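Beneath this line is the structure, given in structure tokens, with notes to follow.
The values are calculated or read from the model by the stated rules, or taken from the named source; none is laboratory data. Only a predicted model underlies this, so the values are computations on that prediction, with no experimental measurement involved. Cβ atoms come from the backbone with ideal geometry, glycine included; neighbour counts cover every protein chain shown. Heads up: the accessible areas ignore ligands, DNA and RNA and are worked out on the full protein's heavy atoms, side chains in. Shrake-Rupley method; radii C 1.70, N 1.55, O 1.52, S 1.80 Å.
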Amino acid sequence: DEASMRRSLVHGTILHGTQYLAPGMRLRPTTYYTENSGIGRLLQAMHPRPDPIRVGVIGLGTGTLAVYGSKGDVYRFYEINPDVLEAAQRDFTFLSGSDATIEWTLGDARLALEREPPQNFDVLVVDAFSSDAIPVHLITAEAVGIYLKHLKPGGVIAFHVTNRFLNLIPVVEALARAHGLAVIHIADEGADPVASRSDWMLLSADSALLARPELAVHAREIAARPDWRLWTDDFNNLVQVLK
């Protein structure tokens, strides 16, 4: 019916975002990015604050995360596929309806971040792992080192690790440990009709930020695997992380 009419972006069998078309629902965050998701809870915890925030997002999808932006904030998206950027701008209004300033960079996100001067992000979202084939070069010790160069002191790296076949949670926990970062896992079971089940890993040098009640109360115990080797640019083991 008209109230529940929605538009989705799907590539293969993977859902990359959904927007409800009714005026009152158009800018409601959905799927993996709802207010109960790990990234939703983090971005809500960032407001209100006296200074605007800068958010980097690797992986555009439909641009859903832009709805969390407030006036003065900057949301900078990194997207490798120009067709995705075209669809997000043409068929969805998350970007155009955001109160934040929207920036984007086309191309491989890691290469772009290697070239760019420090972006001073409060949050850097790494959202490229929900499909069955993952870009491993974005989830290595060296990649996290690059991300840290673009964070403000005490900033947060948010890994979206929802995956049907791969358990990436211990991989990200090991990356956090290798860099001396605090880490929490927030899962959303997707009970809300507009939500999809999601797993988010939040990493920060500011352990007090991750210990704030609005985040910590939702944290799940992480089953660390210290027997697994750290993923680097020279080593990964996808077979080992099969569910």
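So here's what we get for this one:
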read-out	value
All-pairs Cα distance distribution in the range 124-243, expressed in whole percent, bin size 5 Å	2, 11, 22, 25, 21, 12, 5, 1, 0
Percentage of interatomic Cα-Cα distances in the range 1-75 larger than 18 Å	45
Relative packing of 3-9, 105-111, which averages over residues the other C-beta atoms within 10 Å, highest first	105-111, 3-9
Neighbourhood net charge (12 Å Cβ-Cβ; Lys/Arg +1, Asp/Glu -1) for G40	-2
Pair-distance profile P(r), taking every C-alpha pair of the range 78-166, with 5 angstrom steps and integer %	3, 12, 19, 24, 21, 15, 6, 0
Amide H partners (placed H, <5 Å) of T31, local residues excluded	A195, S196
Within the chain, longest stretch free of exposed GluC sites (Glu not before Pro) [DSSP loop, at most 11 other beta carbons within 10 Å]	1-188
Fraction of accessible area attributable to carbon and sulfur, the chain (%, probe 1.4 Å)	53
Sequence of D91, D188 from largest to smallest accessible area, 1.4 Å probe	D91, D188
By accessible area with a 1.4 Å probe, ligands and nucleic acids excluded, highest first: order of W104, W228, W200	W104, W228, W200
R0 of 30 Å, Cβ-Cβ distance A22-E189: FRET efficiency to nearest 0.05	0.75
Residues K152 and D227, FRET efficiency given R0 of 45 Å [Cβ-Cβ distance, rounded to 0.05]	0.85
Rg to Rh, two decimals, where the chain supplies the alpha carbon set and Rh follows Kirkwood	0.94
Additional length obtainable on full extension of the chain from K71 to A112, 0.36 nm per residue less Cα span	12.2 nm
